[in-house]
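Q: Structure below; questions to follow.
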Amino acid sequence: MYLPKNFKNENLNEVHDFIRQNGFGILVSQADNKPWATHIPLHLSADGKHLTSHIARGNAQWKSWNENEVLVIFQGPHTYVSSSWYDHENVPTWNYIAVHVYGTLRIIEGEELIDSLRLLLEQYEKDSARPVRVENLSEKYFKHELQGIVGFEITITKIDPAYKLSQNRDDKNFKEVIRQLEMRTDYNSHQIAQEMRKMRPSLSSK
């Protein structure tokens, strides 16, 4: 991914939190000699070194896996930024947060696959009134469902975290971008404005 230095987030803990909060990623690899992408929820390990998940066995993507490098894309908030907001001539742009994770993939089976399913359920069911758990599923049903999926673990080799949030603007124009975004009514604009405020907290008191 093209990632100018001033748009890279060097805080790895913050990047890990972002991945966990935006865990519905896009797994990209080669299948049938062409790029292939699957949208799936993933679980990031506690140490931030591995991603685990699974795809449908009917998905041709897994048939080309052979511990090759893969890419997982995690998308956060994003919004259009008009150059009319600046006090000088410029061009429009787009502010966004996205993280690209690269790694080597291997297929997991048996207890390793079951453990990964347990972690996924714990992550995404934690706010449910009646959380689904692996242990609560009938043995017959669970075994049947396992036959329809292929599990995997990705060992992370590289993370590119792009936080493009108008860092290249001076305080005056930076603050005006925030003001304009907060005047909008959509979720993405407000989320980007919030992330921008975190970058320059001193502006909030001015």
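Where a number appears in this text, it was derived from the coordinates with a stated rule and is not lab data. The structure presented is a predicted model; accordingly, all values stated were derived computationally and were not measured. Every residue, glycine among them, receives a Cβ derived from its backbone with ideal geometry; neighbour counts consider all protein chains shown.
Q: Would you mind calculating the relative contact order of the chain from Cα pairs under 8 angstrom and at least 6 residues apart, reporting the percent as a whole number?
A: Values: 329 pairs, mean separation 51.0, N = 206.
Across the chain, relative contact order equals 25 percent.
Q: If I model the range 14-60 as equal point scatterers sitting on the Cα atoms and use the Debye formula, what is log10 I(q)/I(0) at q = 0.28 Å⁻¹?
A: -1.06
Q: Then there is this: Counting other Cβ atoms within 10 Å, which GluC sites (Glu not before Pro) in the range 58-117 have at most 12 and lie in a DSSP loop?
A: In loop regions of the range 58-117 (DSSP not H, G, I, E or B), the sparsely surrounded GluC sites (Glu not before Pro) are E67, E89, E109.
Q: Assuming a viscosity of 0.692 mPa s and a temperature of 37 °C, what translational diffusion coefficient in µm² per second does Stokes-Einstein assign to the range 88-140, Rh being the Kirkwood radius over Cα pairs?
A: My calculation gives 213 µm²/s for D.
Q: Would you mind calculating the gained length between L203 and K126 on full extension (0.36 nm times residue separation, minus the Cα-Cα distance), in nm to one decimal?
A: Fully extending the segment from L203 to K126 adds 24.1 nm.
Q: Could I have the simple spin-label model distance between D186 and Y80, label points 7 Å from Cα toward Cβ, reported in nm to one decimal?
A: It is 0.7 nm.
Q: For the range 1-52, state which chymotrypsin sites (Phe, Trp or Tyr not before Pro) are in a DSSP loop and have at most 12 other beta carbons lying within 10 Å of their beta carbon. Please report the intermediate quantities before stating the final value.
A: On the way: sites: Y2, F7, F18, F24, W36; in loops: Y2.
Listed in order of number, the matching sites are Y2.
Q: Turning to a different aspect of this structure: Could you state the angle between the C-alpha long axis of helix 171-183 and the longest principal axis of the C-alpha atoms of the chain, as a value from 0 to 90 degrees rounded to the nearest 10?
A: Compared with the principal axis, the helix lies near 60 degrees.
Q: Working from Cα positions, state the angle (0 to 90°, nearest 10) between the long axis of helix 187-199 and the longest principal axis of the chain.
A: 70 degrees
Q: What three numbers, in Å, describe the spread of the alpha carbons of the chain along their principal axes, ordered from the longest?
A: Extents along the principal axes, in whole Å: 65, 44, 28.
Q: As a test of the formula, what do you get for the chain when each DSSP H run with n ≥ 4 contributes -39,500 (n - 2.57) and the sum is divided by the residue count, at 222 nm and rounded to the nearest 500 deg cm²/dmol? Can you show the working numbers first?
A: Working: 5 runs with 59 residues, N = 206.
Helix contribution divided over all residues of the chain: -9000 deg cm²/dmol.
Q: Stretch N59-E112 to full length: gain in nm at 0.36 nm per residue minus the Cα-Cα span?
A: Once the chain is fully extended between N59 and E112, it gains 17.0 nm.
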